[in-house]
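Single-structure report; data block below.
The values are calculated or read from the model by the stated rules, or taken from the named source; none is laboratory data. Keep in mind that this is a model prediction, so the values were computed, not measured. Every residue, glycine among them, receives a Cβ derived from its backbone with ideal geometry; neighbour counts consider all protein chains shown. Accessible surface areas use protein heavy atoms only, side chains included; no ligands, DNA or RNA. Shrake-Rupley method; radii C 1.70, N 1.55, O 1.52, S 1.80 Å.
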Amino acid sequence: MSSVIRLAGVAFVGALLVPAVAHADVAWVPPNGGNSLFSYSNGYNSNGFFGNPVLIGNTFVFTPPAFTAVNPNQTTRSDQLQVTIVAQPGQTITGVIIREFGIRTSEVLTTVQGTLFITNLTDTLGPTASSLTYDSALAWSGLGSRSFSYDSNTPFQLALTDNLAALIPGQNITKTRVEIEILPSPASAVVLAGAGLVLAGRRRR
């Protein structure tokens, strides 16, 4: 089930339909990793505009180096990131929250669109989609989420598709930061917090 984002103050909705372009996948550096809640593998960007993430706690943090649409030189800019995630043994993941941030020259002459896809890799139902919602400020932000309950027997693929568009000459829009937070179950959060206290105690000795 998918939905289409509606942006406050944007009159040019048609510009959100960005045509597909040929691309070569760009692997994250590193493409695999993890922490005490989950492991991840095969991380990549379709066009490389997201850049490489830093895993801070349970959150992937991207600071895109060149995710900008500029009119007239590059009026649209699109990319998709994908990664496979699985909870560690004994842990449960209950959802994902995505936060995005950026800047633009005009509130009504630039557009931003994002869609989060979650695919349970143990069934054949295909991905579920959630549109991110954005404010219309010059220093803009966006938010999206999806709830589920996957343990270590249920790997899933997370994909985020983002499109930027600058609609008239002289306008531009830039994505400056993307945060993807992987949420633990309450029980997992207690276990993880306890493990953190144990490690902190060991460091003090």
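Taking (1) under 24 Å from Asn52 (Cα atoms); (2) open to solvent by 60 Å² or more (accessible area, probe 1.4 Å); (3) charged (D, E, K, R) in turn, Arg104 satisfies each apart from (2).
Taking the stretch 68-165 and the strands (runs of 3 or more DSSP E) fully enclosed by it, the elements with 2 or more residues that are under 24 Å from Leu183 (Cα atoms), modelled with pLDDT of 95 or more and among the aromatic types (Phe, Trp, Tyr) are at 139-151. In the stretch 166-190, which residues are of a type outside the set (Val, Ile, Thr), part of a strand (DSSP E or B) and either open to solvent by 50 Å² or more (accessible area, probe 1.4 Å) or closer than 22 Å to Gly102 by Cα (or both)? Within the stretch 166-190, Ala166, Asn172, Lys175, Arg177, Glu179, Glu181 meet the criteria. Among the residues of the stretch 72-79, is there at least one that is basic (Lys, Arg), within 18 Å of the chain's Cα centre (by Cα), under 17 Å from Asp25 (Cα atoms) and open to solvent by 40 Å² or more (accessible area, probe 1.4 Å)? Yes, there is a match, as at least one residue in the stretch 72-79 is basic (Lys, Arg), within 18 Å of the chain's Cα centre (by Cα), under 17 Å from Asp25 (Cα atoms) and open to solvent by 40 Å² or more (accessible area, probe 1.4 Å). When we screen Thr133, Thr105 for residues that are farther than 25 Å from Gly34 by Cβ and either of a type in the set (A, V, I, L, M) or in contact with a Leu (Cβ under 7 Å, 6 or more places away or on another chain) (or both), the only hit is Thr133. I'd like to know if the stretch 132-151 contains one or more residues that are of a type in the set (Phe, Trp, Tyr) and under 21 Å from Gly170 (Cα atoms). Among the residues of the stretch 132-151, at least one is of a type in the set (Phe, Trp, Tyr) and under 21 Å from Gly170 (Cα atoms), which makes the answer yes.
Check whether at least one residue in the stretch 62-71 is touching an Asp or Glu at 6+ places or on another chain (Cβ under 8 Å) and touching a residue at least 40 places away in the same chain (Cβ under 8 Å), and report yes or no. Taking every residue of the stretch 62-71 in turn, at least one turns out to be touching an Asp or Glu at 6+ places or on another chain (Cβ under 8 Å) and touching a residue at least 40 places away in the same chain (Cβ under 8 Å).
Taken over the stretch 28-52, the residue count meeting the criterion of being under 27 Å from Ala165 (Cβ atoms) and open to solvent by 40 Å² or more (accessible area, probe 1.4 Å) is 4. In this entry, Leu55 is excluded by the filter for residues that are in contact (Cβ under 8 Å) with a residue 12 or more places away in the chain and open to solvent by less than 40 Å² (accessible area, probe 1.4 Å). Among the candidates Thr63, Thr68, Thr75, the residue that is touching a helix residue (DSSP H, G or I) at 6+ places or on another chain (Cβ under 9 Å), under 22 Å from Thr133 (Cα atoms) and hydroxyl-bearing (Ser, Thr, Tyr) is uniquely Thr75.
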